[in-house]
1. Using only helices, what value at 222 nm comes out for the chain when you add -39,500 (n - 2.57) per DSSP H run of length 4 or more and divide by the total residues, to the nearest 500 deg cm²/dmol?
2. What is the range 336-404 by shape, rounded, prolate or oblate, if you read a ≥ b ≥ c off the alpha carbon gyration tensor as root eigenvalues and call it rounded for a/c under 1.5, prolate for a/b larger than b/c, and oblate otherwise?
3. Could you tell me whether the range 493-612 comes out rounded, prolate or oblate from its Cα gyration tensor? Rule is a ≥ b ≥ c as square roots of the eigenvalues, rounded for a/c under 1.5, then prolate if a/b exceeds b/c, otherwise oblate.
4. Grab the beta carbon distance between D707 and K795, set R0 = 35 Å, and tell me the FRET efficiency rounded to 0.05.
5. So which trypsin sites (Lys or Arg not before Pro) in the range 276-316 are both in a DSSP loop and have at most 15 other Cβ atoms within 10 Å of their Cβ?
6. If the chain between R661 and K163 were fully stretched, how many nm would it gain, using 0.36 nm times the residue separation less the Cα-Cα distance?
7. What nm distance separates the two modelled labels at K317 and T108, each placed 7 Å from Cα along Cα→Cβ?
8. Could you tell me which of A607, L157, Q837 has its Cα farthest along the dipole of the chain towards the positive end, charges placed at Cβ (Lys, Arg +1; Asp, Glu -1), taken about the Cα centre?
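The values are calculated or read from the model by the stated rules, or taken from the named source; none is laboratory data. In this text, all values refer to a predicted model and were calculated from it rather than measured experimentally. Heads up, the Cβs are rebuilt from the backbone with ideal geometry, glycines too, and the neighbour counts pull from every protein chain shown. Surface areas here come from the heavy atoms of the whole protein model, side chains and all, with no ligands, DNA or RNA. Shrake-Rupley method; radii C 1.70, N 1.55, O 1.52, S 1.80 Å.
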Amino acid sequence: MPPELISRPRLLEKLNSGLGGKLTLISAPAGYGKTTALSEWIRSVEIPACWISLDASDNDPARFWAYVIAALQTIRPQAGNSAEKLINSRQQLPIEAILTSLINDISTDDAELIMVLDDYYLIDLEAIHKSVSFLIDHLPPQLHLVISGRSDPPLPLASLRAKGLLSELRAADLCFAQQEASDFLKLATAINLSEKDMLLLQERTEGWIASLQMAALSLKDREDVSGFINSFSGSHRYILDYLTEEVLRRQSDRTRAFLLKTSIVDHLCGPICDAVTGRDDGQRVLEHLDEANLFVKPLDNERYWYRYHRLFADLLKNQLMRTHPDEVHDLHLTAAKWYEENGFIQGAMHHAFAVNDCEYAADLIEQSAFNLLTEGKSYALQTWLSKLPKELVASRPWLCIWGGWSYLLTTSQPSDIEPFLHNVDVKLPEIEVRCKETPDDTSKIKGYSLTLRAILARHTGELRRSIELSHQASEYVSEDDQFARSYILLNLTVSHFYNGELEIARSYAEKTMAHARETESIYDDIVCTILMAHIEEQQGNLTKAKIIFRQAIELGTQPGNYILPATCRAFLGLGTIAYEQNELDAAQDYYHKAIELARQGNEILTAIGGYVLLAWLNQIRGNADKADELLAQAQSFAYKAYTADIEGYFESWKARFALARGDMDTAKRWAKEQKSVFTSPDTMFYTYANGLTATFIRIRIAIGNLDDILPTLENTKRNLESQGQTGWLIEVLALESIVQDTIGDTEKALATLEQAFKLAEPQGYIRLFVDEGEPMAKLLRLATSRGIMPAYVNKLRSALHSQEQEHPAKQSPLVEPLSQRELEVLELLGAGKSNQQIADDLILSIGTVKKHVYNIYGKLGVERRTQAIVRARELGLI
């Protein structure tokens with residue numbers, strides 16, 4: 001606290017009254033004593049407080065919140081430990097995920113605390129404003145937030161004000177009343193001003209504290225006090241400029257030169273002052289300025305780091321530009337060099353950009369980019385690159401490599417990354433010629449570029465190309481390059497998995513996990529553990545998959561029970577298994593947790609998958625409106641997804657929902673648009689993963705168009721068997737049994753179904769059969785009559801019966817309902833068309849039409865065409 005502090009009880013009382021709300025805002029122009037008033041209040045209350053003094057370099061979310069956590073830990077040492085790790089993680093998590101962890105930590109202790117964000121007006125980044133709004137929305141009751149600055153921040157102030165949760169201090173509250181101004185000047189100058197002089201000074205300054213402080217400095221040792229007070233008038237800025245010149249004029253030449261030259265530096269210490277002034281007395285001068293109360297503030301208890309009062313620094317810079325404009329460029333470069341040599345890259349960048357030395361800034365970025373990426377500071381890197389001319393970035397391959405990598409870790413959008421890689425491709429031949437003496441660097445550029453291209457290829461569904469590029473990249477990257485190696489290994493693991501090569505994927509997953517544990521990369525470890533669980537799931541080992549999914553969650557559970565967002569796919573996997581085993585409430589809980597974590601961690605595909613599966617769960621429970629709402633939420637995320645096949649994923653699910661709701665027009669329209677299914681083994685896994693083939697087959701069964709369907713199923717079975725994908729093989733066998741029964745080969749259908757049962761029963765598969773509805777119910781009845789695996793079949797029939805009881809379908813007068821195709825044939829029968837005409841109209845073979853007519857007779861309980869038409873009309877079918 002300054003020695004001339006005037007106690008201001010009215011301000012303390014107002015600040016105290018705001019503690020019941022969420023936020024106190026102190027908003028006033030420069031020089032109104034905001035920080036001093038806050039300091040006095042913090043010292044007067046019996047509540048621990050943490051204080052963050054912000055500056056312009058804090059316009060980076062990771063840096064901003066790292067400082068907030070550091071401040072918080074001065075009063076709660078354990079708070080924010082997990083959040084701090086998340087900030088420094090290579091995986092670029094949304095700030096909301098980090099804040100969730102921080103809020104949870106604060107909530108564990110009921111003791112009150114105050115958090116002060118001073119000079120918040122220097123923050124102009126929308127992402128930080130959004131994150132502070134998130135904190136305010138979820139503020140624990142024991143935390144009170146104070147924001148101080150020269151202007152109102154873009155936060156939800158109106159809403160807080162309306163709810164009575166906002167306390168405000170503004171310029172009118174802060175300016176000195178006449179008695180306060182008088183008391184202050186007595187303390188600061190030891191001069192007893194006449195009442196007339198005091199009134200005039202109060203009138204001229206309007207209680208503005210900064211001008212009173214400058215006036216106090218100018219009044220010291222002055223004989224003609226009244227004459228001086230009468231000598232200035234005008235606007236606040238004019239008065240300050242006038243008083244600043246007066247204050248500087250009263251300093252020695254050495255002190256004046258020191259103040260002007262060091263004004264370009266935001267954070268002052270003896271060595272950097274020595275660097276920019278060319279002297280060796282920096283520390284002594286700073287201590288002298290502090291003792292003389294010349295607007296310098298110590299930033300630590302050791303009084304090593306200082307800063308000028310912001311308003312005073314602005315005034316000094318203006319003076320420097322007016323009096324020594326030719327020195328400004330060299331002063332900034334000198335400061336930048338000092339910061340660089342002492343490891344403060346952020347400070348060096350600030351001064352390099354201040355004088356627009358882009359080449360030097362580019363050098364600094366190349367030197368520091370790797371550390372920024374590994375410390376989770378991709379946003380800072382992107383901000384710096386955006387300040388450089390595009391031509392300069394394009395001419396430097398390493399800038400392009402790091403730029404591409406920063407977007408890989410944030411948006412993952414190919415459109416953000418591809419331009420950087422294109423620039424590398426253009427410049428690489430020139431570099432190879434120019435840099436023959438440094439082939440290692442050229443090789444490394446190639447390796448990093450290929451690694452990025454491999455990951456992009458996977459994102460766009462080009463799995464074979466992704467695998468090939470990964471192997472090419474590994475030839476250029478050295479064995480001890482742990483950064484690139486980790487990405488190559490992880491990409492090979494994921495690409496082989498999505499390509500259906502499960503055992504190869506398992507092998508790479510084991511290597512990636514070993515590498516992740518060696519390098520302490522928890523994100524890679526979690527991802528590969530989840531992939532190992534998915535491999536077991538695809539191989540039909542649901543019990544083992546559950547165990548491994550839970551291991552992944554355990555890996556991602558931090559102190560304080562905070563769960564890393566990277567575990568979202570493990571929760572989704574547990575939900576899928578719970579659903580399959582007919583544990584529908586558990587499945588719902590898992591899906592909700594997966595969505596929550598996916599949204600925190602910006603895991604778009606997992607969020608989409610969670611919403612879709614939750615929608616399907618609501619659909620089978622009879623809540624179609626809720627299902628539609630969840631599908632809409634899933635679709636709202638689609639524009640953020642970077643995979644090529646996300647639209648196909650949605651369309652196939654929409655077709656399945658349409659089929660479940662009897663909307664055959666939509667289902668048929670989708671099926672007609674599918675040009676081919678499983679055109680090659682390489683695309684088979686991807687296609688099936690999106691549900692295309694299974695949905696396609698279900699629709700073909702429903703409309704009775706079974707031409708060539710069995711060969712497709714046989715081809716699918718062979719591929720799944722060869723790749724050990726037992727989980728999906730069971731589903732294909734179930735569908736095949738329905739097709740076989742539909743075309744009249746019931747014996748073969750039961751044999752196929754028994755094969756599926758033998759694979760499914762040990763792992764508790766239920767929904768896979770139950771979700772096929774009446775066609776499967778008929779086969780289960782037949783299986784019971786034949787004594788096929790009675791215990792398991794009874795379990796399936798019981799599950800089917802329970803669902804029918806909870807959500808009964810509309811009762812049909814028929815023992816077995818007509819398929820959509822059978823209804824179409826019946827309609828044409830009623831129109832008097834012959835079998836050949838029906839075949840021509842529906843583009844079916846005459847044999848298929850006869851089979852449909854035979855099935856229609858059986859279901860209607862008639863023997864001739866005329867009887868069928870009469871019965872159909874009685875039932876309202878035509």
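1. -21000 deg cm²/dmol
2. Working: a/c = 1.78, a/b = 1.14, b/c = 1.56.
Since a/c reaches 1.5 but b/c is at least a/b, the shape of the range 336-404 is classed as oblate.
3. Numbers: a/c = 1.67, a/b = 1.17, b/c = 1.43.
Here the range 493-612 falls in the oblate category.
4. 0.50
5. Of the trypsin sites (Lys or Arg not before Pro), the ones in loops of the range 276-316 whose Cβ has at most 15 other Cβ atoms within 10 Å are R279, R303.
6. Values: separation 498, 0.36 × 498 = 179.28 nm, distance 4.51 nm.
Result for the pair: 174.8 nm of gain on full extension.
7. Placing both labels 7 Å along Cα→Cβ, they lie 4.1 nm apart.
8. Q837
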